[in-house]
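The values are calculated or read from the model by the stated rules, or taken from the named source; none is laboratory data. Quick caveat, the model's predicted, so the values are computed rather than measured. Here the Cβ positions follow ideal geometry from the backbone for every residue, glycine too, while neighbour counts run over all protein chains shown.
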Amino acid sequence: MNPQPQSRNSITFPHGFLDFLHVSQGRRHTIGEYELEPARLDRFNHALRELSPDAPAMTMDQISSAAERAIARHRDGATPPFVQSRMAALTRLESLVADAAWSASLELKRQIGVLLEYRRDAGDLIPDDQPVIGLLDDAVLVDVALQLLRGELADYEDFCRFRRVAAEFAGMSEAETGLTREHWLEAMLQAQDSLTRLDGANEDRYVPDPRASLFHVT
């Protein structure tokens, strides 16, 4: 594993995403009783381009077709798992940029800011109070962002586990450990110097035991 911070991923649109938003035979501009508004679609596509300039703009037909399929699959009114997972990911991304110990870059903060601004915008593509699909448009943008930021988010989750183990071992709060991204990187380098991965095909992230370097932290 490379302990250096992840660079921005070159993928600008999720694999298989256009299949999910395939165009229907007709030209739908409605979702049930709700009619999509061009101005709201423009707002959505503006946020999409801010996240990934090379991403193709979405059409009303793509969005409405995807929404209708989601409604058909969740007639009980439940929020689709896709939406739930992306909203949970947004919460983690928000925690990432708010965590001073991680020192998120300005570009990363800008990207998460795009998501949060859209999430709070009353003029977003699909009103949030729409059953089943109210957060579908928000989830789509988060999904695009995850393709770009998944390496950074994976590193942050490793860091959080590293800090949590250190805090539990030392009997103090995570904030009291004073551990930062730099300490995590140092520990990763120490681990690479002393350990060899047993299975190169293993996709699990590796987090070294922070107790080895905890006492080097001032």
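Out of contact with any Cys (no Cβ under 7 Å at 6 or more places or on another chain) and more than 30 Å from HIS29 (Cα to Cα): does that describe LEU135? Taking the combined requirement at face value, the residue does not satisfy it. Whenever a residue of the range 65-84 is closer than 12 Å to GLN130 by Cβ, its partners that are surrounded by fewer than 16 Cβ atoms within 10 Å (Cβ to Cβ) and not aliphatic (A, V, I, L, M), lying with C-beta atoms within less than 6 angstrom and at least six residues away or across chains, give the pairs GLY77/PRO131.
One residue stands out in the range 50-75 among those that are among the hydroxyl-bearing types (Ser, Thr, Tyr) and part of a loop (DSSP other than H, G, I, E, B): the one that is surrounded by the fewest Cβ atoms within 10 Å (Cβ to Cβ), namely THR59.
State all residues of the range 76-102 that are within 16 Å of LEU153 (Cα to Cα) and exposed (fewer than 12 other Cβ atoms within 10 Å of the Cβ); if no residue qualifies, say none. Explain how you work it out, then say what you get.
First pass over the range 76-102, keeping only residues within 16 Å of LEU153 (Cα to Cα): 85-102.
Listed by number, the residues that qualify are ALA88, THR91, ALA98, ALA100.
If you go through the range 138-176 and pick out every residue that is buried (at least 21 other Cβ atoms within 10 Å of the Cβ), more than 30 Å from LEU48 (Cα to Cα) and not aliphatic (A, V, I, L, M), you end up with 2. Of the helices (runs of 4 or more DSSP H) lying entirely inside the range 89-178, the ones with 2 or more residues being hydrophobic (A, V, I, L, M, F, W, C) and either modelled with pLDDT of 95 or more or under 15 Å from PHE44 (Cα atoms) (or both) are found at 106-119, 136-170.
Any residue at all in the range 177-184 that's out of contact with any strand residue (DSSP E or B) (no Cβ under 7 Å at 6 or more places or on another chain), without any contact (Cβ under 8 Å) to a residue 40 or more places away in the chain and within 30 Å of ILE31 (Cα to Cα)? No, the range 177-184 contains no residue that is out of contact with any strand residue (DSSP E or B) (no Cβ under 7 Å at 6 or more places or on another chain), without any contact (Cβ under 8 Å) to a residue 40 or more places away in the chain and within 30 Å of ILE31 (Cα to Cα).
Does MET1 meet the test of being under 23 Å from the mean Cα position of the chain (by Cα), assigned to a loop (DSSP other than H, G, I, E, B) and at pLDDT 50 or above? Lay out the reasoning, then the answer.
Numbers: under 23 Å from the mean Cα position of the chain (by Cα): yes; assigned to a loop (DSSP other than H, G, I, E, B): yes; at pLDDT 50 or above: no.
The answer is no for MET1.
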